[in-house]
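To start, the structure itself, in structure tokens.
The values are calculated or read from the model by the stated rules, or taken from the named source; none is laboratory data. Computed from a prediction, not measured in an experiment: that's the story for all the values here. Note that each Cβ is placed from the backbone with ideal geometry, even for glycine, and that neighbours are counted across all protein chains shown. Side chains are part of the model used for accessible areas, which takes the heavy atoms of the whole protein and leaves out ligands, DNA and RNA. Shrake-Rupley method; radii C 1.70, N 1.55, O 1.52, S 1.80 Å.
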Amino acid sequence: MSKKITALFADGNGEIFDAPGIEGAGRIGDKILHLKPEDLIKLPESADLMFLPERSAIGFKNGEIVKLKGRAVSAILPQGYTRTHLPAFQKKSGAKILPLYGYTAVVLYKDELYAAAIYTDENHKWNPEGYNTRNLKNLIRRVKKALPENRLVNHLENCSLNWHCLTAQNLFYHRWECGIPTSPACNANCLGCISLQPAECCPSPQSRIKFKPTVEEISSIGIYHLKDAPEGIISFGQGCEGEPSLQAENISAAIEKIRSETSAGQININTNAGFTEGIKKIVDAGLDSMRVSIISALDESYQSYYRAGYKLADVKNSIDYALKKNVYVSLNLLYMPGFNDRENEFNAWKKFFEELPVEMIQLRNLNYDPDAFFETMPDFEGKIFGTKNFIDELQKNFPNLKIGNFSHYVKSGDIS
């Protein structure tokens, strides 16, 4: 068994090979680094491998970076894993932007595939084996019969069958977290938006909802799901929509109607939290939990990614209001090695958490081309912690802050 860390490459047919004698490399920011055993974990079973078009594989030989003949290879990790290194490659002149995936360095080690990542959360509910089952279409027919002429059910059917969205499927499996999209509009123009991209960019992996659901359409699904689904959650703010708080009138009215029928389960919103007045209305209607999408606690970095019609100060005001109303608040931290773990970013996060003691950070591997990302974000001076040290330092400074990847069910008595 070889304990050397060996680079991989793909040939013109997409077949993947190792490159004997070439040491595997990874990337943090713009730095190409040797990968070490402590950087690696066995490639998870549900991970995918992908070659990177118009990008040559590279590695180390005798301490020097060398270009390989084949294309670079990347791992795409399942939820629950946070990457520590990006794949190392040499981009060809004029190469197109990569599709929206979370690219991770992958190598051959001990005669097996290993990825540069850490295991950060466990949640069996999101195991892919529990989705896209043979009986899904029958379950969809059952819900359509129970909720006839509800446009949202038809929309979620499409998300389930064509986009394989897990929160959409949970409506039909009648369990856990069920997504309820509500908003075709957004108040931000995120680089990595997964439902709307400019034509000259990479294609969006799913289509955005095109209508505004009524209070009745929203509430009927909420009541149906929460009344008896085990650990039932309904979530506003899905990948197939814009910003849900822009539909605060309908969402707040629907929450009130749901809670007039049942006190069971959890009502959540996934939001950029930039529209504070809308967030206040939804919170006051009876929201249980709020997950805020965020990439930085620095104004310039935040705006460079979100390109929003609001300010980071508005996001903070929304979080502050929700916390004061005893809403369970977590952050959906979009993570890119070599960016979030910069010294200036870490110092900003320290100040952020001192002011706003949220309950949890959910690390999310940012699905975006690394080169395009770093070309857009502000430059900086200072050290880079590395992913493991970034997480360790956060935990040391804020021992009550939970760090993971998933939204966990919070019983009503635990939301305080």
Candidate set: region 120-135, residues that are open to solvent by 60 Å² or more (accessible area, probe 1.4 Å) and part of a loop (DSSP other than H, G, I, E, B); chosen: the one modelled with the lowest pLDDT = E122
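A quick yes/no check of all residues on (1) surrounded by fewer than 21 Cβ atoms within 10 Å (Cβ to Cβ); (2) more than 20 Å from F390 (Cβ to Cβ):
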site	(1), (2)
K280	yes, yes
D284	yes, yes
S293	no, no
E300	yes, no
S304	yes, no
R307	yes, yes
N326	yes, yes
With respect to F339, is the statement that it is in a loop (DSSP other than H, G, I, E, B), in contact with a Gly (Cβ under 8 Å, 6 or more places away or on another chain) and of a type outside the set (K, R) true?
-> yes
Filter result for the condition that a residue is open to solvent by 60 Å² or more (accessible area, probe 1.4 Å), farther than 30 Å from P378 by Cα and not in a loop (DSSP other than H, G, I, E, B), over N158, N138, N170 | N138
Determine whether I234 is within 21 Å of T167 (Cα to Cα), touching a Pro at 6+ places or on another chain (Cβ under 8 Å) and assigned to a strand (DSSP E or B).
-> no
Could you list, in sequence order, the residues of region 93-131 that are within 24 Å of L8 (Cβ to Cβ) and charged (D, E, K, R)?
-> K96, K110, D111, E112
Which one of these does G239 not meet: (1) open to solvent by 10 Å² or more (accessible area, probe 1.4 Å); (2) more than 24 Å from Y173 (Cβ to Cβ); (3) among the small types (G, A, S)?
-> (2)
Only residues that are open to solvent by 10 Å² or more (accessible area, probe 1.4 Å) and over 29 Å from I97 (Cβ atoms): list them for region 359-382, please.
-> E359
How many of the residues in region 243-261 are open to solvent by 10 Å² or more (accessible area, probe 1.4 Å), touching a Ser or Thr at 6+ places or on another chain (Cβ under 7 Å) and not aliphatic (A, V, I, L, M)?
-> 3
Take region 309-367 and flag every residue that is without any contact (Cβ under 8 Å) to a residue 12 or more places away in the chain and more than 24 Å from K281 (Cα to Cα).
-> N347, E354
Only one of these is of a type in the set (A, V, I, L, M) and not in a loop (DSSP other than H, G, I, E, B): V329, V358. Name it.
-> V329
Have a look at L113, L98, L136 and point out the one that is under 30 Å from H225 (Cα atoms), more than 15 Å from the chain's Cα centre (by Cα) and in contact (Cβ under 8 Å) with a residue 12 or more places away in the chain.
-> L136
